[in-house]
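Colleague: My structure is below; once you've seen it, I'll send some questions.
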Amino acid sequence: MAADGDAVTRRGWRGRLGASPIPAPGPLRMLSLATLANTVGSGLWLAGGPLYLTRDVGLSPASVGAGLTVAWLVGLTASVPLGALADRRDPRTLRAAVQLVQAVAAAGYLLVDSMPVFLAVAILETLLASGNLAVRAALVAAVAGPHGRVHAFATLRAVANLGIAVGSGLAAIALAADNHRAYQVLVVGNVATYLLSAALLLRLPAYPPRPRDPAVGRPRAGRALRDGRFLAVSGASALLTLHVTVISLVVPLWTVTRAGAPPPVVSAVLLTNTVLTVLLAVRLSRGADTAGPAARKLRRAGLVLAAATPLYAVTAVLPTVAAVALLLVATAVWTFGDLWHAAGGAGLAYDLAPPDAVGAYQGADGLLAGLARAAGPALLTLLVLDGGVPGWLVLGAFFAGVGLAAPALTRWALANRPDRRRVAADRPAAPV
């Protein structure tokens, strides 16, 4: 996207692909600090927001759930337009501006006193959040260049998990106090993290958009949503995204209701996933810079997720101690599949996108993933929690099938793409 990113050589980025999630000094470190600040606020709100809205504001849990579902479905519509805007503007400045508006939206929760006001604030916030994910993807591509963007994406994912863990821990202070003032401090803390993140983003250099290729012409509106081959690959990745709902919703409920483990075990399971993500996200992202290897990572992810499903299923018939031990083992296996999916999905979404439409294509990719996550809770709770052991096995077969289909879909997407061949031929060699 920008000359700074393209000038990073493959050799230079390979030298930085260590296991540590902490990047070397430079733009990626600044971007990581901005992400850390932002996700501390995410952790605050994820842990404390539902209780604030129900215990302090007085909304019913059913109203909050329904409102958030509607908000996210509406919010997904901003993903492609804001991503496309990031292709035509400096994504650093655009993301900082979006986060400033997000700070205003987050502050709006202080005014919520009824369901209509809550719905209005939630829709505004999720429109911004959904679009910001596409802008972030364009900014990562600009900062890291074609040979470092998957590594950068994995680095930011590790940092984000760390930030959410810290924010969730801080939210416990407000939750322990459980009064109006404590919940207001929680909301204000979330607002402050948006402002801090925007300030850190503005310390990055500017990344002007890539000059448009005259041979290609002006990009058409909705170009990414008309690219059927890209959408097929992205759709496969989106289906594997259901693993997020499994680990965050289905596994906690299964742990208590079917495995018979005490509720604190849920925290241990989620902590296992978080710690392994922080430690391994960067290491497991290696080799996913181009579409072919990224598709093979997606296949591996599907098979590993499938291998974890019978482990979870067996916990329903084991004694409590053995069930707890196997839950932790299954979660460790699941996390490997999670991380390989994240790296492979990012590599495919980046490498299959035309260089002048990275943001729009990331927006389309995010739109499909968001739709899968929106449908996931109802479908997966019905399949697994009601279906029991057979439900887990069906889910495993589904993940394996999607993973095995990914390389063939990717080869089909790469075939007959003259725009990709031309860009590859015209792209100058990186300076030594």
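Colleague: Tell me the accessible surface of residue 162 in square angstrom (1.4 angstrom probe, heavy atoms of protein chains only), to the nearest ten.
Modeller: Surface open to solvent at residue 162 totals about 80 Å².
Colleague: I'd like the accessible area for residue 317: 1.4 Å probe, protein heavy atoms, all chains in place, Å² to the nearest 10.
Modeller: 110 Å²
Colleague: Let me ask you something else. Relative to 2.2 N^0.38 Å, what does the C-alpha radius of gyration of segment 69-176 come to as a ratio? Two decimals please.
Modeller: Rounded to two decimals, the normalised Rg is 1.21.
Colleague: For segment 36-103, just say rounded, prolate or oblate: build the C-alpha gyration tensor, square-root its eigenvalues into a ≥ b ≥ c, call rounded for a/c under 1.5, and beyond that prolate if a/b exceeds b/c, oblate if not.
Modeller: Verdict is oblate for segment 36-103.
Colleague: Dividing the Cα radius of gyration by the Kirkwood radius, what Rg/Rh value follows for segment 296-376?
Modeller: Value, to two decimals: 1.15.
Colleague: I would also like to ask the following. If R0 is 30 Å, what FRET efficiency do you get for residue 283 and residue 318 from their C-beta distance, rounded to 0.05? Write out the running numbers ahead of the final one.
Modeller: Numbers: r = 31 Å, r/R0 = 1.05.
About 0.45, to the nearest 0.05.
Colleague: Here's a follow-up. If you roll a 1.4 Å probe over the heavy atoms of the protein chains, what accessible area per residue do you get for segment 97-229, in Å²?
Modeller: 44 Å²
Colleague: Enter the mean projected area of the convex hull around the alpha-carbon atoms of segment 157-202, in nm², rounded to one decimal.
Modeller: So the mean shadow area of the Cα hull is 3.4 nm².
Colleague: At a 1.4 Å probe radius, carbon and sulfur cover how many percent of the accessible area of the chain?
Modeller: 69 percent
Colleague: Calculate for the chain the 222 nm mean residue ellipticity that helices alone would give, adding -39,500 (n - 2.57) per DSSP H run of length 4 or more and normalising by residue count, nearest 500 deg cm²/dmol.
Modeller: -24500 deg cm²/dmol
Colleague: Continuing with this model, one more query. Which whole-Hz ³J(HN,Hα) couplings does segment 332-343 yield from phi under the Karplus relation 6.51 cos²θ - 1.76 cosθ + 1.60, θ = phi - 60°, glycine and proline marked x?
Modeller: So the Karplus estimates, Gly and Pro as x, are 4, 4, 4, 5, 4, x, 4, 6, 5, 5, 4, 5 Hz.
Colleague: Still on this structure, please answer the following. Under 12 Å from a point placed 7 Å out from the Cα of residue 115 along the Cα-to-Cβ direction: which residues of segment 34-69 have their backbone N that close?
Modeller: The answer is 59-68.
Colleague: Where the convex hull is taken over the Cα atoms of the chain, what is its projected area averaged over directions, in nm²?
Modeller: Result: 19.5 nm².
The values are calculated or read from the model by the stated rules, or taken from the named source; none is laboratory data. This structure is a prediction, so every number in the text was calculated from the model and none was measured. Every residue, glycine as well, gets a Cβ built from its backbone with ideal geometry; the counts of neighbours run over all protein chains shown. Just the protein is used for accessible areas: all its heavy atoms, side chains included, with ligands, DNA and RNA removed. Shrake-Rupley method; radii C 1.70, N 1.55, O 1.52, S 1.80 Å.
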